[in-house]
Amino acid sequence: MPIIPTEKIWIDGDLVAWEEATVHVLTHSLHYGSGVFEGIRAYPTSSGVAVFRLTDHIDRLFSSAKVFMIDIPFTPAELVEATKELVRVNRLDDGCYIRPIVFLGYGEMGLNPLPCPVSVAVAAWPWGTYLGDEGVRKGIRLKISSWQRHDPNAVPTAAKGTGMYVNSSLAKVEALKAGYDEAVLLAPDGSVSECTGENIFVVKRGSLVVPPSSESGALEGITQRSVERIAADMGIDVAHEAIIRTDLYTADEAFLTGTAAEVVPIREVDDRVVGEGRPGPITTQIQQTYFAAVRGELDQYKDWLDHV
Ligand code: PPE
């Protein structure tokens, strides 16, 4: 998806012109994938643009950095403020996608990352639907990938590390080349983990089931957590249970969640029609509530919004 440039990018404490936010080719993270990052969205509300669950995303950034033993040279509060300032100065009043990244810079080479300088950047730009407008309305088609999700003892799946996304990219390309919209990755034990950049939910007999993050090697999604609260408020049970591929084929409904993707119905998995082949009632209700919550239309979810 093409990036639409905005005016400024925040880097190491300064707001610099978009085209000046560049790095040296010998940047450590470019060679070894040694960075950590986040994906955040801001939405327009009746009282101005607001960032969705900003502190939760910044907290996860720090937790990812801790796993990789990267010391972020800013406090969480400073990065929260930097993000809000960035959205303000770029006048992103209609909402945007926000990408904070912590990376190891120029100066050291080799596999020991500890002596490397640490840089932090935050960029923001307008980003439309990640899996297409039609996907959001009608549902998408998934394929189980031949690429397996990481073993949590091979790379730390609980962290959002840049290099780890090679696995997602391989799976994404495979699915797209085969004519599908998105890939499902299975964990080393054969259970369902997640999609390339989204968590998976299935609906069975009126309840939601989501694979447990730690065992399945899925990222513990903030959208997933939001959907779990929305479902609980609707009186819908949510179970964290291992599921296998046939649970996707035989689900009554299924959908995926992610900051970029938001809430997207799944209409087919491996050419099996899921449920009726169109967004089911629970998926639709959750999707509509999520879209209303992020836009500040529901009082009970206003604590998720950080006005800039
Ligand atoms: N799993 C993975 C692997 C993942 O990358 C994401 C977010 C999620 C689950 C959902 O997490 P959350 O956003 O907290 O609900 N993927 C981000 C990156 C997408 C990209 O293209 O880059 C995102 O959605 O921003």
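Before moving on, here are some points about what is shown:
- Selection status of P279, crowded, with 21+ Cβ neighbours inside 10 Å and farther than 21 Å from A218 by Cα: yes
- Residues of the stretch 173-226 satisfying the condition of being more than 28 Å from T55 (Cα to Cα) and of a type in the set (D, E, K, R): E174, K177, D181, E182, D189, K204, R205
- Residues located in the stretch 197-224, provided they are within 15 Å of the chain's Cα centre (by Cα) and in contact (Cβ under 8 Å) with a residue 40 or more places away in the chain: G197, E198, N199, I200, F201, S213, G217, A218, L219, E220, I222, T223
- Residue that is nearest to S145 (Cα to Cα) [pool: residues in the stretch 249-282 that are within 16 Å of the ligand (Cβ to nearest atom) and outside any strand (DSSP E or B)]: A261
- For A159, the stated conditions hold: it is under 19 Å from F103 (Cα atoms), more than 9 Å from the ligand (Cβ to nearest atom), among the hydrophobic types (A, V, I, L, M, F, W, C) and buried (at least 16 other Cβ atoms within 10 Å of the Cβ).
- Set side by side, the residues A121, A171 differ, and just one is farther than 28 Å from T283 by Cα, at pLDDT 95 or above and within 18 Å of the chain's Cα centre (by Cα), which is A121.
- The stretch 15-36 residues that are under 13 Å from M109 (Cα atoms), paired with ones that are modelled with pLDDT of 95 or more and assigned to a helix (DSSP H, G or I) (beta carbon under 6 Å, 6 or more apart): G33/T162; G33/G163; S34/H28
- Residue-level check: of (1) closer than 19 Å to G275 by Cβ; (2) surrounded by 15 or more Cβ atoms within 10 Å (Cβ to Cβ); (3) of a type outside the set (S, T, N, Q), D237 misses just (2).
Let's see how each residue does on (1) in a strand (DSSP E or B); (2) within 10 Å of the ligand (Cβ to nearest atom); (3) within 24 Å of I70 (Cα to Cα):
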{"site": "S145", "(1), (2), (3)": "yes, no, no"}
{"site": "V166", "(1), (2), (3)": "no, no, yes"}
{"site": "E174", "(1), (2), (3)": "no, no, no"}
{"site": "V202", "(1), (2), (3)": "yes, no, no"}
{"site": "E215", "(1), (2), (3)": "no, no, no"}
{"site": "R225", "(1), (2), (3)": "no, yes, no"}
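- Restricting the stretch 23-48 to residues that are more than 16 Å from the ligand (Cβ to nearest atom) and touching a Gly at 6+ places or on another chain (Cβ under 6 Å), the residue that is nearest to D12 (Cα to Cα): T27
The values are calculated or read from the model by the stated rules, or taken from the named source; none is laboratory data. None of these values were measured; they are calculated from a predicted model. Neighbour counts run over all protein chains shown; Cβ positions are idealised from the backbone, glycine included.
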